[in-house]
Amino acid sequence: MPIFSFPGEPRWEEAQDCVVFAVELGEYRGEVFVPRRLFHDLLGRRPTPEQCVELFHIHRVVFERISEAKLRARELAPDANLHLTTRDLRRARASGSPEF
């Protein structure tokens, strides 16, 4: 089984309007982008950047699991990073993830 790691702390990226966190798998090093829209779906309203980071911490395990699944499926963006979507969130919810 591959060993994923998520070093460092997430940060708000104003230019991308998202929370960004690092992911590593073997020699692969990339970033995961979680857009504000995804947090909007979690919260039910448009969150502030600070609320997005807070929600990320609350649901960190879910975002890490979604990232792992996307890496296993090789669903990388052209920039070799991961961009999570509301569809990814719906899949996690449908799978019965206990964090939601």
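Each pair of Cα atoms in region 40-93 enters the Kirkwood radius, and Stokes-Einstein at 20 °C and 1.002 mPa s then converts it into a translational diffusion coefficient of 178 µm²/s. Computed over the chain, the convex hull of the alpha-carbon atoms projects to a mean area of 6.4 nm².
For region 71-76, backbone phi angles converted through the Karplus equation (6.51, -1.76, 1.60; θ = phi - 60°) give residue-by-residue couplings of 5, 4, 7, 6, 8, 8 Hz, Gly and Pro being listed as x. In order along region 3-19, the Karplus-derived 3J(HN,Hα) couplings, from 6.51 cos²θ - 1.76 cosθ + 1.60 at θ = phi - 60°, round to 9, 8, 9, 10, x, x, 9, x, 9, 7, 10, 4, 4, 9, 6, 7, 8 Hz, and Gly and Pro are given as x. Couplings 3J(HN,Hα) of region 21-27, computed from phi: 9, 8, 9, 9, 8, x, 8 Hz, in residue order, whole Hz [Karplus 6.51 cos²θ - 1.76 cosθ + 1.60, θ = phi - 60°; x for Gly and Pro]. Only the Cβ atoms of Lys and Arg (+1) and of Asp and Glu (-1) were treated as charged; on that basis the dipole of the chain about its Cα centre amounts to roughly 500 debye.
Only the coordinates and a few stated rules stand behind these numbers; no lab work does. As the structure is a computational prediction, the values presented were derived from the model and not from experiment. No Cβ is skipped: glycine too gets one built from the backbone with ideal geometry, and neighbour counts run over all protein chains shown.
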